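See below for the structure under consideration.
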Amino acid sequence: MGEGRVLEVRNLVKRYGRVVALDNVSLSMDKGEFVVVLGPSGSGKSTLLMSIAGFVKPDSGDIYLNGVRINDVPPYRRNVGVVFQSLALFPHMTVYDNIAFPLKIRKMPKEEIKRRVERILEIVKLSGLERRRIDQLSGGQRQRVAIARTLVFEPSILLLDEPLGALDRKLREEMQVEIRKIHERVGATTLLVTHDQQEAMTMADRIVVMRDGRIEQVGTPEEIYSRPRTLFVAEFMGTSNILKGTSRAEAGGTLFTAECGLKLRLDEEVRGDGYVAIKAEHIRIHRVPEEAGSLPATQAKVLRRFFEGDHIRYELDVNGTLIKAIDREVRRVFKAGETVYISCLPENVRWLKE
Amino acid sequence: MPWLRRILIAGIVALFILPNIIIVTASFTESEVITFPPRGLTLKWYPEALTSDWFLKGLVNSLIAAGFCTLLSIPVGVFAAYALLRMRIRFRDIIQVYLLLPFTVPLIVQGVSLLFVYARTGLVGNILGVGFALMEINIPFMIWSVTSAVNAMDPNLENASKSLGAEEIQTFLYVTLPSLMPGVLSGALLMFILGLNEFITSLILVTIDTQTLPVALYTKIRTTISPSIAAASTVYILLALVTIYVLDKVVGLKNYLR
């Protein structure tokens, strides 16, 4: 285990009857890291978080926190901070008492509690609201109280369970930036769970994509977005073009032929039926096939064109299949109805595992 | 049709309040028997009722019994409601139905069975025995009240408390119980008022020394129809109203009796 290793989850398994919520999940986090677990509902992401918090008992596997195995440690001795989706603020306490709660439980001296609460209120920008009751706060303020309450006792790790799910879009985006800022100020090792891929991209140092209790792919937001490894990740991240087809060996390498007839060169040595993902900005449009050079060019028809400032977005038709393309060359314009040829550089075509 | 609605409302009000108004008005009569409409106007029945032995004794007994019943019902109701909702208990459904259906056993039967038990244990003639009986027959109202508070509570509240470092007992004391407090208070209020008013079971269990106010009134009306009974009844109504008013001021009923 590395020196800066805070969390180490090894081969975690959790079953609910016949449903496997966690299927051999392993994950590690270094000090100060911001990891986002991304997945649809039922992917096991919340079960993973609740196992780390101590509210779900895994069937097998180990959880280490700062090098200590915590499987059998009760939640109140784990020193793990959790922000629940419902926030779970204590309605019968003021803002101050909510935030002071973990310190009072730890029997800290009064002055020390006061000092710490005031400091954390400053960090989350709530100074002056100490005496407010929870029902006198706005959604964003409640969010901050919940975060402050978990940060104030300096937990080994901060866990956030879809904390922004209940907010409207504008406030959610503000809070995403705010949580990132707080993270930078405090440096807490943070694990956030969400089903919102945009949220994951904005906030994470590293994204863990989960599906059906398994980890599908781990990587930086850039890696996950640009180089999805599976069909699921590509679809979940909203990759523009996902095509089904067959790949086979050919003189120059691997040739993929989509069901619609689109031909693409791959730089991976793969064979058989499968899927490829291509981002819209990687589709190259040509007037004549020769412009594609040695790469295969496939005939397409321009359906629609949208001028969007620094780029033009095209919708193209290849034998009944819609292909989305983004062209940054705004001085060259293709008209709707025009016949064109499209190609793609091999390094931009991603072969997807199912 | 607004006039129809007005008539209906007036009818309902009359139906519910008129008998009370009659008894209140009758308490001001100058005649020696209860008369309505009152003959003359006097307050003389009030001092007579309020200083009479049967009234004072009944009132004190009722307050003790209802108070004891309320105190007893708080721990019983809280633990029963919490356990039924949050713990795995065998025969839970059956226990729940029994505890939540008030008066599953007819009050008269309840009184008779308790009388047998009290006779064996020497509790007959003990006002606290009456208080216990009141708790037993009215506890569903307490459990209802606490149950709705447990249901309204965010289940993550307790998990949050634990993750913040509070052990099970600390969590129960500092988080669970305060969150249930509104339900406990409105339940306690109900228990007190019901206890103050209970008649059937009390009638069977009380002796001449432990007569509660309703029983004392009943006994009195069997022998005389003095306007002092009307005066006592008026005081009784006021007492119930004052209880509600005070508790409303203290705990803010509007927030809790939902």
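The values are calculated or read from the model by the stated rules, or taken from the named source; none is laboratory data. Because the structure is a prediction, the values reported are computed rather than measured. Neighbour counts run over all protein chains shown; Cβ positions are idealised from the backbone, glycine included. Calculation scope for accessible area: heavy atoms of the full protein, side chains included, ligands and nucleic acids excluded. Shrake-Rupley method; radii C 1.70, N 1.55, O 1.52, S 1.80 Å.
If you go through the range A:138-181 and keep only what is away from chain B (no Cβ under 14 Å), of a type in the set (A, V, I, L, M), over 14 Å from residue A:88 (Cα atoms) and not in a helix (DSSP H, G or I), you end up with just A:167.
Scanning the range A:189-221 for residues that are open to solvent by less than 50 Å² (accessible area, probe 1.4 Å), of a type in the set (S, T, N, Q) and within 8 Å of the chain's Cα centre (by Cα) yields a single hit, A:194. Do we have residue B:76 as open to solvent by 30 Å² or more (accessible area, probe 1.4 Å) and not assigned by TED's automatic domain parsing to the domain that holds residue B:201 here? Considered against the rule, which asks whether it is open to solvent by 30 Å² or more (accessible area, probe 1.4 Å) and not assigned by TED's automatic domain parsing to the domain that holds residue B:201, residue B:76 comes out as no.
Here the helices (runs of 4 or more DSSP H) wholly within the range B:94-208 that include at least 3 residues being in contact (Cβ under 8 Å) with a residue 40 or more places away in the chain are B:107-121, B:127-152, B:177-197, B:200-205. Within the span defined as the range A:93-110, one or more residues are among the hydroxyl-bearing types (Ser, Thr, Tyr) and either open to solvent by less than 20 Å² (accessible area, probe 1.4 Å) or touching a residue at least 24 places away in the same chain (Cβ under 8 Å) (or both). Each residue in the range B:130-167 was checked for being more than 8 Å from chain A (Cβ to nearest Cβ), open to solvent by 40 Å² or more (accessible area, probe 1.4 Å) and closer than 25 Å to residue A:159 by Cβ, and 1 pass. Candidates are the residues of the range A:41-61 that are away from every other protein chain (no Cβ under 14 Å) and open to solvent by 40 Å² or more (accessible area, probe 1.4 Å); the one that is nearest to residue A:197 (Cα to Cα) is A:41. Does residue A:99 meet the test of being more than 13 Å from every other protein chain (Cβ to nearest Cβ) and closer than 21 Å to residue A:188 by Cα? Judged against the criteria, residue A:99 is not a match.
Restricting attention to the range A:66-79, the residues being within 25 Å of residue A:164 (Cα to Cα) and either facing chain B (nearest Cβ under 7 Å) or basic (Lys, Arg) (or both) number 3.
Please indicate, with yes or no, whether at least one residue in the range B:54-64 is over 22 Å from residue B:195 (Cβ atoms), at pLDDT below 90 and assigned by TED's automatic domain parsing to the domain that holds residue B:190. The answer is no; no qualifying residue exists. Please verify whether residue A:204 is of a type in the set (Gly, Ala, Ser) and over 30 Å from residue A:341 (Cβ atoms), treating the condition exactly as stated. Judged against the criteria, residue A:204 is a match. Would you say residue A:340 is surrounded by fewer than 20 Cβ atoms within 10 Å (Cβ to Cβ), over 20 Å from residue A:223 (Cα atoms) and in contact (Cβ under 8 Å) with a residue 40 or more places away in the chain? No; evaluated as a whole, the condition is false for this residue. In the range A:29-39, the count of residues that are loosely packed, with under 15 Cβ neighbours inside 10 Å and either farther than 20 Å from residue B:159 by Cβ or at pLDDT 95 or above (or both) is zero. Of the set (1) under 34 Å from the mean Cα position of the chain (by Cα); (2) surrounded by fewer than 19 Cβ atoms within 10 Å (Cβ to Cβ), all apply to residue A:299 but (1). Every listed requirement among (1) surrounded by fewer than 18 Cβ atoms within 10 Å (Cβ to Cβ); (2) in a helix (DSSP H, G or I); (3) touching a residue at least 12 places away in the same chain (Cβ under 8 Å) is met by residue A:184 save one, (3).
Mind checking whether some residue in the range B:120-134 is within 30 Å of residue B:62 (Cα to Cα), of a type in the set (Lys, Arg) and over 18 Å from the mean Cα position of the chain (by Cα)? Yes - at least one qualifying residue is present in the range B:120-134. Screening residue B:240 against (1) touching a residue at least 60 places away in the same chain (Cβ under 8 Å); (2) in a helix (DSSP H, G or I); (3) surrounded by fewer than 23 Cβ atoms within 10 Å (Cβ to Cβ) leaves a single unmet condition, (1). Any residue that is within 18 Å of the chain's Cα centre (by Cα) and on the phi < 0 side of the Ramachandran plot - is there at least one of those in the range A:239-246? Checked against the condition, which is being within 18 Å of the chain's Cα centre (by Cα) and on the phi < 0 side of the Ramachandran plot, the range A:239-246 yields at least one hit. Only one of the listed residues (A:6, A:20, A:13, A:82) is under 21 Å from residue A:186 (Cα atoms), more than 12 Å from chain B (Cβ to nearest Cβ) and part of a strand (DSSP E or B). That residue is A:6. In the range B:179-199, of all residues being at pLDDT below 90 and more than 17 Å from residue B:71 (Cβ to Cβ), the one that is least open to solvent (accessible area, probe 1.4 Å) corresponds to B:179.
The rows are residues; the columns are (1) out of contact with any Pro (no Cβ under 9 Å at 6 or more places or on another chain); (2) open to solvent by 60 Å² or more (accessible area, probe 1.4 Å); (3) closer than 17 Å to residue B:211 by Cβ.
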site: B:69; (1), (2), (3): yes, no, yes
site: B:93; (1), (2), (3): yes, yes, no
site: B:100; (1), (2), (3): no, no, no
site: B:114; (1), (2), (3): yes, no, yes
site: B:128; (1), (2), (3): yes, yes, yes
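Criterion applied to B:147, B:171, B:207 was being of a type in the set (S, T, N, Q), assigned by TED's automatic domain parsing to the domain that holds residue B:118 and touching a Ser or Thr at 6+ places or on another chain (Cβ under 6 Å), and the one residue passing it is B:171. Can you tell which of A:305, A:331, A:284 is open to solvent by 70 Å² or more (accessible area, probe 1.4 Å) and free of Cβ contacts under 8 Å to residues at least 12 places away in the same chain? Result of the check over A:305, A:331, A:284: A:331. Taken over the range B:168-185, residues that are more than 8 Å from chain A (Cβ to nearest Cβ) and among the small types (Gly, Ala, Ser) amount to 1. Tell me which of these residue A:119 doesn't satisfy, since it passes every other one: (1) open to solvent by less than 20 Å² (accessible area, probe 1.4 Å); (2) assigned to a helix (DSSP H, G or I); (3) of a type outside the set (Asp, Glu). Residue A:119 satisfies all of (1) open to solvent by less than 20 Å² (accessible area, probe 1.4 Å); (2) assigned to a helix (DSSP H, G or I); (3) of a type outside the set (Asp, Glu) except (1).
Only a single criterion out of (1) touching a Ser or Thr at 6+ places or on another chain (Cβ under 9 Å); (2) in a strand (DSSP E or B); (3) under 24 Å from residue A:223 (Cβ atoms) is not satisfied by residue A:268, namely (2).
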